């Protein structure tokens, strides 16, 4: 059981610290909305991974290539939309950015949608976590449970750490916060453009 717990912790840590669309979204939200409003976003994988895991485990070795392509395209569009929102925040008066923005959908649901439209969790679960979960569960259900427990506890803890780190950097001053929002806007736009380019290339359009 300990072996599967370590597997889950190790893979979750590696996935959490890798730069990607989800991390760029957390940066944007932590700096512009503050850590209190953004912290629930750390639990977004618990909301979004359910459908992903169910789909991947049902068709573990038969996930159609077009599904990944469609997810990449949709994810690219959504990331560019988020980049536009971050850019609008960046253009505001820096003095106004110290107050967290209110209104709009809760951050945790936005974060869950970012993760749901990101093909990386599908690939991770189909290539690594899915087979490992099935293997561990076949040996003993407790092994599979240990894998999931280690993975999600570590994932949520790492995301919380990222949010607090980004929010702390934003608290260094309005100019620093504004600069970080600008960086997050560029990162979100870059990841969005990359996802669209990869989708177009997969479809033979690029």
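The values are calculated or read from the model by the stated rules, or taken from the named source; none is laboratory data. Computed from a predicted model, the values in this text were never measured in an experiment. Don't worry about glycine lacking a Cβ; one is built from the backbone with ideal geometry, like all the others, and counts go over all protein chains shown.
Residue count for region 10-33, restricted to those that are farther than 16 Å from residue 115 by Cα and either surrounded by 19 or more Cβ atoms within 10 Å (Cβ to Cβ) or under 12 Å from the mean Cα position of the chain (by Cα) (or both): 5. A single entry from 155, 160 fulfils the requirement of being out of contact with any strand residue (DSSP E or B) (no Cβ under 6 Å at 6 or more places or on another chain), buried (at least 21 other Cβ atoms within 10 Å of the Cβ) and either at pLDDT below 90 or closer than 28 Å to residue 77 by Cα (or both): 155.
In this structure, residue 121 does satisfy being under 13 Å from the mean Cα position of the chain (by Cα) and either buried (at least 21 other Cβ atoms within 10 Å of the Cβ) or within 20 Å of residue 56 (Cα to Cα) (or both). Each residue in region 4-36 was checked for being part of a helix (DSSP H, G or I) and without any contact (Cβ under 8 Å) to a residue 24 or more places away in the chain, and 2 of them qualify. The one condition from (1) at pLDDT 70 or above; (2) surrounded by fewer than 23 Cβ atoms within 10 Å (Cβ to Cβ); (3) over 26 Å from residue 78 (Cβ atoms) that residue 147 does not meet is (2). I'd like to verify a number: residues in region 87-115 that are over 21 Å from residue 47 (Cα atoms), under 21 Å from the mean Cα position of the chain (by Cα) and at pLDDT 70 or above, how many? Residues that pass the stated criteria total 1. Look at (1) over 16 Å from the mean Cα position of the chain (by Cα); (2) under 27 Å from residue 205 (Cα atoms); (3) surrounded by 15 or more Cβ atoms within 10 Å (Cβ to Cβ); (4) modelled with pLDDT of 70 or more and you find that residue 63 fails only one, number (4).
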